1. Which condition number does residue 281 fail, the rest of (1) hydroxyl-bearing (Ser, Thr, Tyr); (2) at pLDDT 80 or above; (3) open to solvent by 80 Å² or more (accessible area, probe 1.4 Å) being met?
2. Can you give me the number of residues within the stretch 241-287 that are over 30 Å from residue 119 (Cβ atoms) and either assigned to a loop (DSSP other than H, G, I, E, B) or more than 33 Å from the chain's Cα centre (by Cα) (or both)?
3. Do you know which of the residues in the stretch 446-466 that are free of Cβ contacts under 8 Å to residues at least 24 places away in the same chain and not polar (S, T, N, Q) is farthest from residue 405 (Cα to Cα)?
4. Of the residues that sit in the stretch 347-375 and are open to solvent by less than 70 Å² (accessible area, probe 1.4 Å), hydrophobic (A, V, I, L, M, F, W, C) and modelled with pLDDT of 85 or more, which one is nearest to residue 293 (Cα to Cα)?
5. On the basis of being within 30 Å of residue 632 (Cα to Cα), open to solvent by less than 40 Å² (accessible area, probe 1.4 Å) and in a helix (DSSP H, G or I), does residue 565 make the cut?
6. Residues being farther than 30 Å from residue 387 by Cα and at pLDDT 85 or above: count how many of those fall in the stretch 114-150.
7. Return yes when residue 53 is open to solvent by less than 20 Å² (accessible area, probe 1.4 Å), at pLDDT below 90, small (Gly, Ala, Ser) and in a helix (DSSP H, G or I) and no when it is not.
8. Which residues, counting only those in the stretch 170-193, are open to solvent by 90 Å² or more (accessible area, probe 1.4 Å) and at pLDDT below 80?
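The values are calculated or read from the model by the stated rules, or taken from the named source; none is laboratory data. Since we're looking at a predicted model, the values are computed, not measured. FYI the Cβ positions are ideal-geometry reconstructions off the backbone, even for glycines, and counts take in every protein chain you see. The accessibility values were calculated without ligands, DNA or RNA, using every heavy atom of the protein model including side chains. Shrake-Rupley method; radii C 1.70, N 1.55, O 1.52, S 1.80 Å.
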Amino acid sequence: MIRIKKLNTFMLKTFLPQLLMTFFICMFVLMMQFLWKYIEDLVGKGLDMLVLGELFFYASMTMVPMALPLAILLASLMTFGNLGEHFELTAMKSSGISLLTVMKPLVVLIVLISIGAFFFQNDVQPQSNVKMWTLLFSARQKSPTLDIPERAIYNQIPGYNILVKHKDPERDMMYNMLIYDVSKISGYPRVLTADSGRLSFTEDKQHLVLDLYHGEWYEDMNQSGVGKLGSDLYRRETYHDKQIIIHYDATFNRMDDETMRQQYVGKNITELRRTIDSVQSRVDSTGQLITADLRSLPVVGTPTRTYVYDKKGRHSEVVKEVPMRKPINLDEKLKELSASMQFSVLDKALAKAQTARQECEFRGYMINDDSMVIRRHQIEMHKKFTLSLACLIFFFIGAPLGAIIRKGGLGTPIVISVLLFIVYYAIDTMGYKMARDGHWWVWQGIWLSSAVLLPLGLLLTSKAVNDSAVINPDAYLNFFRRITGMHQVRKLEAKEVIMSEVEPAEAIRLLQVLKQNCSAFLAAYPGRQTFIRYWTEGYDKKRLSALSAEVENVVEYMGNSREMLVINKTMDFPVIRQLLTYRPTGNKKVGYALAALLPLSIPFYLVGTRHQKNLKNEIQAAIKVCDELMEMMKEKMGTEPDETEIKS
């Protein structure tokens with residue numbers, strides 16, 4: 001019991017610093033993305049540092065749902081990768097501690113984090129969203145700071161374009177100024193020139209004061225086209241000093257939080273449910289109203305419903321159908337009318353149909369807008385739970401994957417974490433858009449990423465607990481070679497502990513028997529099989545299976561050698577595979593039927609005979625390896641073995 005407590009403390013002390021470090025790294029990267037995205041809305045506005053700090057703080061709170069799962073994935077990968085790389089995980093397993101026992105304290109920690117993430121999403125996240133978007137929209141509406149450049153037209157003052165050729169920052173003066181007053185929409189702009197000038201704000205920072213010295217004023221008085229006193233009347237004024245007051249609000253006006261609080265990003269689960277229920281009832285009532293109106297429309301001028309007044313009030317009732325003695329042919333009735341009357345009847349019918357259609361489409365747009373509001377609120381409600389599950393899923397992906405790859409540090413774990421998170425983010429974004437646009441049910445789109453990655457986490461955990469080689473390139477390459485019929489590569493390693501030594505005489509006997517069986521197999525199939533023989537006979541798979549087992553038996557025996565040269569030569573034995581193309585069927589009647597499926601049977605025959613040829617080459621290579629190994633064993637024995645000794 002004491003050992004388990006020490007193990008829990010050790011794992012928590014190992015994991016928590018990694019989690020904190022990766023969490024702040026992820027937060028920093030996401031904040032840089034936020035700053036890059038909204039840099040144009042913040043730069044040049046003269047915002048106070050307290051306002052910027054508050055904005056960044058609330059923005060960082062909104063980044064937690066994305067940073068926390070990524071941090072857990074990266075931290076678990078690094079923690080278990082370091083344990084595997086330094087053989088600490090191997091020491092724990094050799095002491096009888098399973099991987100699940102090692103993960104147990106961290107699982108409890110991640111469960112607590114997931115529970116806290118839910119309450120964060122439900123209580124803290126909506127308030128952070130409200131504050132962040134309110135500050136961001138307020139910053140967008142703030143007027144930019146005045147920083148008039150030299151030799152460039154400055155147009156950030158509403159209604160004025162200013163050109164300054166020289167500035168004196170120490171005296172706060174501008175020289176050789178040219179000002180265009182474009183505040184009036186029609187007519188030519190007023191033009192002002194000044195040798196020098198100065199810009200300043202009023203005390204309330206609601207107006208901009210422009211003091212100009214030694215200049216002229218040019219203005220076209222015919223702003224409306226043709227003046228009452230002439231068509232070429234203009235004004236020219238020379239002044240010593242002039243003061244122009246421009247309305248320019250330079251203060252930071254914070255918007256009311258109530259506006260954003262009414263949006264779906266500013267509501268908790270209770271408020272979201274209340275909004276969904278109210279909007280859904282409005283949609284249902286609108287749909288019922290549309291249905292009632294459509295049912296109450298007259299059919300061929302005959303009303304289908306009538307209104308009745310009683311004690312309960314006014315309500316509609318279905319008009320009873322009038323039995324007809326014989327059906328009425330409307331086309332014949334229409335033909336009895338004159339051409340002008342026919343046109344009038346059709347025109348009125350078309351107008352009524354178009355009016356009814358337009359009313360239904362207008363109400364349909366209202367329903368679509370309300371449906372979008374419902375989907376937005378449902379998406380936000382489901383997101384309250386997805387963060388908690390994502391934390392658990394990424395831990396059960398990162399921890400076993402780190403135990404499998406056994407690579408710590410920031411190299412391999414970061415690469416794997418980024419790739420997995422990109423897959424998660426792409427799937428989550430696709431599901432979100434499909435749910436938002438109404439192509440999928442909301443729960444299908446929002447839970448899609450979790451449904452895809454949860455089996456991966458369970459698979460990796462199962463493989464890591466059972467010490468299965470999940471990330472083994474050779475296993476996947478051999479599987480691919482087995483499927484495609486390519487040659488498989490055999491790998492052997494020298495054994496540290498050998499239970500049974502390789503006896504040269506016994507090795508020569510096994511090699512001699514294997515060589516004879518390989519030669520007998522090649523003699524049984526001397527040439528290329530004909531088309532009919534291939535489909536009806538093929539190669540004997542039982543004989544081939546016995547030969548493959550014999551090769552593996554020789555390889556296993558020769559792999560116990562202490563000489564690396566013998567082991568390397570033993571690796572030259574090919575892997576005798578059992579491919580379907582060696583013998584398509586064991587029944588002659590079925591073989592004749594398959595051969596008759598021309599032209600599909602011809603490509604399969606060509607591929608099969610090609611694989612048979614490769615098999616013969618592999619068996620010939622096995623014979624050559626047998627000869628070379630027998631020579632090695634004879635040299636090791638020092639004398640030629642007796643023939644009867646070999647056969648015995």
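1. Every listed condition holds for residue 281 apart from (3).
2. Qualifying residue count for the region: 18.
3. 448
4. Once the filter is applied, the top-ranked residue is 351.
5. Answer is no for this residue.
6. 1
7. Criteria not met by residue 53.
8. 184, 185, 188
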